[in-house]
Protein chains: 2
Amino acid sequence: MSTGTVYGLGLGPGDPDLMSVRADRLLRQARHVAYFRKAGRSGQARGIVDGLIPEGATELPMEYPVTTEIPLSDPGYNAALSAFYADCVTRLTALTDAGEDVVVLCEGDPFFYGSFMHLHSRLTGTVPVVVVPGITGMSGAWTATGQPVTWGDDVLTVLMGTLPEDELARRMADSNALVVMKIGRNIEKITRALHSAERYDDAWLIEYATMDAQKATPLREAGTGVTPYFSIVVVHGQGRRP
Amino acid sequence: MSTGTVYGLGLGPGDPDLMSVRADRLLRQARHVAYFRKAGRSGQARGIVDGLIPEGATELPMEYPVTTEIPLSDPGYNAALSAFYADCVTRLTALTDAGEDVVVLCEGDPFFYGSFMHLHSRLTGTVPVVVVPGITGMSGAWTATGQPVTWGDDVLTVLMGTLPEDELARRMADSNALVVMKIGRNIEKITRALHSAERYDDAWLIEYATMDAQKATPLREAGTGVTPYFSIVVVHGQGRRP
């Protein structure tokens, strides 16, 4: 009996119609479908494929032991996550050892700031792993603004909202186009950094890109409420255009 | 009679299986398919969809009047391109005025360094335009390396190989993860900049990502020959990983 394969399936930004033809086909043929979710939630990735998982397929929810309850800097955070990923790998390899393929659902693109990477690094060399790239959340976000994000020789910088404020501000001032991800409770810090960098007036906030609840608004009109973790800030480049 | 719509269709990095379900469907239903190409060539975007254009659909090749024959800095370059895009718009609106929808093929993602943006800016406000995001060429490229490009709080910088060497080097040294596009005849300059920034040993060169001819090699093993214009250099981030 041959070993099964783990497929890291990029689902794209949220609209199931934006999954790749290959991801769509692999999902519709899947017998085992695994996905991350926060404990007690149905799961963002699982939500994208609602109605697409074949009848009879088994589902393997992988529930994060912590998300934002412990600060990233706490050694307990790394320890808890590390044990969690090891446990996920045990569950996946139990299936692949039995010759079964498993599809792991990944929001956006699996190799771009995704949790799947932590499985990939632990599976590689042991189990065949195939990664299917996806449309990134940021592509969904800038498309939602109705404006191109980069022109000509524009430099694009992708920043996590979890970075320190002064580093955010420095990099925001030193790039043509900007994408800021992991917004959520960092929105006030990000807003201050955009002001320092004199980019605030050109920033857009995109929530739920490509999904039914999609909302793309210039940041100055968006208000100061807490935004979803998966919202994205975009500042468009203004480079060369004939 | 209502006005037709122009669809900017992100085709993804090259493998037609990586088109989105929506792009695939729109293409298979298309009656008019437009695409850019270099004069005398069959066209990169057109190549991706070979065999997918419905029988009886009309094709509208849009041939660049110049590509690399005139330097970008020459005012003649902008003038020639500007007249060209205006002419493309005339051809597209002749169809939409007659109530016909037109699909414009776009490699990668239409709003990410794409030629379609120059049509989009000229059509918006006049003709309904719908943009379908795609998997970027850079996603195809880092997937081809078999390694995630960004972890944790990594900063990703996307640079065009057309930038000056000192600016390339400065930004290469100041980012965790790197993507360099528009390589082609800039490969020697890019290589020198990677050396200055002490990133050369970690750089990968990816040619023809996701296509049959795909080749992903550490740059130091890749040799110094001229690479295709659409090749991509990737330096992976090494950020936080539990």
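Coordinate-derived values only; no laboratory data. Keep in mind that this is a model prediction, so the values were computed, not measured. Cβ coordinates were reconstructed from backbone atoms using ideal geometry, including for glycine residues, and neighbour counts include every protein chain displayed.
Here are the numbers:
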| quantity | calculated |
| --- | --- |
| Reference-scaled alpha-carbon Rg (2.2 N^0.38 Å with N residues) for segment B:129-179 | 1.37 |
| Cα-based equivalent ellipsoid, segment A:137-235: semi-axes from gyration tensor eigenvalues, Å | 18, 17, 11 |
| For A:ALA83, inter-copy label distances in nm, listed shortest first [label point 7 Å out on the Cα-Cβ vector] | 7.2 |
| Under 17 Å from the Cα of A:LYS215 - aspartates and glutamates, other chains or at least 8 residues apart | A:ASP15, A:ASP202, A:GLU207 |
| Square roots of 5 times each gyration tensor eigenvalue, C-alpha, the protein assembly as shown, largest first, Å | 34, 27, 24 |
| Residues with amide H under 5 Å from that of A:ARG37, placed H, sequence gap 5 or more | A:MET62, A:GLU63, A:TYR64 |
| Total charge dipole magnitude, segment B:6-135, about the Cα centre, Cβ charges on Lys, Arg, Asp, Glu only, Debye to nearest 20 | 120 |
| 5 angstrom amide H check on A:GLU100, placed H, neighbours 5+ away | A:GLY4 |
| Under the span-like rule (Cα at least 18 Å along the axis, Kyte-Doolittle mean at least 1.0), DSSP H helices of chain A | none |
| Percent of Cα-Cα distances greater than 26 Å, calculated over segment A:6-132 | 17 |
| Dimensionless Rg/Rh of chain B - Kirkwood Rh, Rg from C-alpha atoms | 1.00 |
| R0 of 60 Å, Cβ-Cβ distance B:SER2-A:SER82: FRET efficiency to nearest 0.05 | 0.55 |
| Position A:GLN29, label points 7 Å along Cα→Cβ, spacing to each other copy in nm (shortest first, one decimal) | 2.6 |
| Computed FRET value (nearest 0.05) for A:ASP97 with A:GLU167, which takes r as the C-beta separation and R₀ as 41 Å | 0.40 |
| Value of Rg to Rh for segment A:66-147 (Rh from inverse mean 1/r over Cα pairs, i.e. Kirkwood) | 1.06 |
| Rounded FRET efficiency, nearest 0.05, which uses the C-beta distance separating B:GLU69 from B:THR124 and R0 of 25 Å | 0.25 |
| Position B:THR3, label points 7 Å along Cα→Cβ, spacing to each other copy in nm (shortest first, one decimal) | 5.7 |
| For segment A:92-189, alpha-carbon Rg over 2.2 N^0.38 Å | 1.40 |
| Inter-centroid distance (Cα atoms) of segment A:164-197 relative to segment B:163-242, Å | 26 |
| Segment B:1-127: relative contact order in percent, alpha carbon pairs under 8 Å with at least 6 residues between | 41 |
| Among A:ILE187, A:GLN147, A:TYR200 - extreme Cα towards positive end, dipole of segment A:137-235, charges at beta-carbon | A:ILE187 |
| Dipole magnitude of the protein assembly as shown about its Cα centre (Cβ charges: Lys, Arg +1; Asp, Glu -1), debye to nearest 20 | 0 |
